[in-house]
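*Asks:* Provided herewith is a single structure, encoded as structure tokens, for subsequent inquiry.
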Amino acid sequence: MLKPYMVPNVPECGCDEAGRGCLAGPVFAAAVILPADFDNPLLNDSKQLSEKQRYELRPIIEQSALTWAVGVVSAEEIDQINILNASILAMHRAIAQLNPQPQHILVDGNRFKPYEFIPYRTVVKGDAIYMSIAAASVLAKTYRDDYMDALAKDYPQYDWLSNKGYPTAKHRAAIAQHGITPHHRLTFRMK
């Protein structure tokens, strides 16, 4: 069972990203502040949920959250600052949109850079421990999937409807045959 808060009685946002290991497309991150009494038995790390479950949860999270936001960092920016910094920047962009701002930040993983002067804590596999991080993982994943599905209409040969830009054999074969697109990350190994 997921935990509601790390710091009781403090507006705390959970943050997670999606698309870090992809060859194409932006990295997305979400930040979510849930009410202290929020509970949904389906909510879990987005990787443990089916696509249908993630899309069922998204409107529930959006309607129930005190505030939520999604931040995006483009493939071009990823190439300029590297994927770790881009993931953190996407989280910062999401947090910046929250109203009210959190008083504590929970981040999935083990790396983060301070945002403003808000205290934070990184939690490895936090999306399977804290509801706010799990909620952020669902939003980041579904919004990124929507974005890649839209791109796939213009680039069907890369199979982004199925792989969402991840380095599958079919995606790598398409790169070998057709070359790269403006949406590919040039600093990632394509072969």
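The values are calculated or read from the model by the stated rules, or taken from the named source; none is laboratory data. For clarity, every value in this text was computed on a predicted model and none was experimentally measured. Note that we place each Cβ from the backbone using ideal geometry, even for glycine, and neighbour counts take in every protein chain shown.
*Asks:* Consider region 168-190. How many of its residues are over 25 Å from the mean Cα position of the chain (by Cα) and either part of a loop (DSSP other than H, G, I, E, B) or of a type in the set (Val, Ile, Thr) (or both)?
*Replies:* Adding up the residues that qualify gives 1.
*Asks:* Ok, one more. Out of everything in region 173-191 that is at pLDDT below 95 and charged (D, E, K, R), what residue ends up being nearest to Glu77 (Cα to Cα)?
*Replies:* The selected residue is Arg189.
*Asks:* Scanning for something assigned to a helix (DSSP H, G or I) and either of a type outside the set (A, V, I, L, M) or surrounded by fewer than 20 Cβ atoms within 10 Å (Cβ to Cβ) (or both), does region 15-36 turn up at least one residue?
*Replies:* No.
*Asks:* Now a separate question. Can you confirm whether Ile88 is over 16 Å from Tyr143 (Cβ atoms), out of contact with any Leu (no Cβ under 9 Å at 6 or more places or on another chain) and not in a loop (DSSP other than H, G, I, E, B)?
*Replies:* Working: over 16 Å from Tyr143 (Cβ atoms): yes; out of contact with any Leu (no Cβ under 9 Å at 6 or more places or on another chain): yes; not in a loop (DSSP other than H, G, I, E, B): yes.
Answer is yes for this residue.
*Asks:* Considering only residues that are surrounded by 16 or more Cβ atoms within 10 Å (Cβ to Cβ) and out of contact with any strand residue (DSSP E or B) (no Cβ under 6 Å at 6 or more places or on another chain), which ones fall in region 78-93? Don't jump to the end; show me each part of the working.
*Replies:* Here is the first cut: in region 78-93, the ones surrounded by 16 or more Cβ atoms within 10 Å (Cβ to Cβ) are 78, 83, 86-93.
Hits for region 78-93 are Ile78, Ile83, Ile88.
*Asks:* Residue pairs, Cβ under 8 Å, 6 or more apart or interchain, first in region 57-79 and on the phi < 0 side of the Ramachandran plot and touching a residue at least 24 places away in the same chain (Cβ under 8 Å), second charged (D, E, K, R) and not in a helix (DSSP H, G or I). List them.
*Replies:* Sorted first by the residue in region 57-79, then by its partner, the pairs are Ala75/Arg185; Ile78/Arg185; Asp79/Arg185.
*Asks:* Among the residues that make up region 63-75, is at least one of them modelled with pLDDT of 95 or more, part of a helix (DSSP H, G or I) and within 24 Å of Leu161 (Cα to Cα)?
*Replies:* Yes, region 63-75 contains at least one residue that is modelled with pLDDT of 95 or more, part of a helix (DSSP H, G or I) and within 24 Å of Leu161 (Cα to Cα).
Quick grid of which residues meet (1) farther than 17 Å from Ile105 by Cβ; (2) at pLDDT below 95; (3) within 15 Å of the chain's Cα centre (by Cα):
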| residue | (1), (2), (3) |
| --- | --- |
| Tyr120 | no, no, no |
| Ala128 | yes, yes, yes |
| Ser132 | no, no, yes |
| Thr142 | yes, no, yes |
| Asp145 | yes, no, yes |
| Asp159 | yes, no, no |
| Ser162 | yes, no, no |
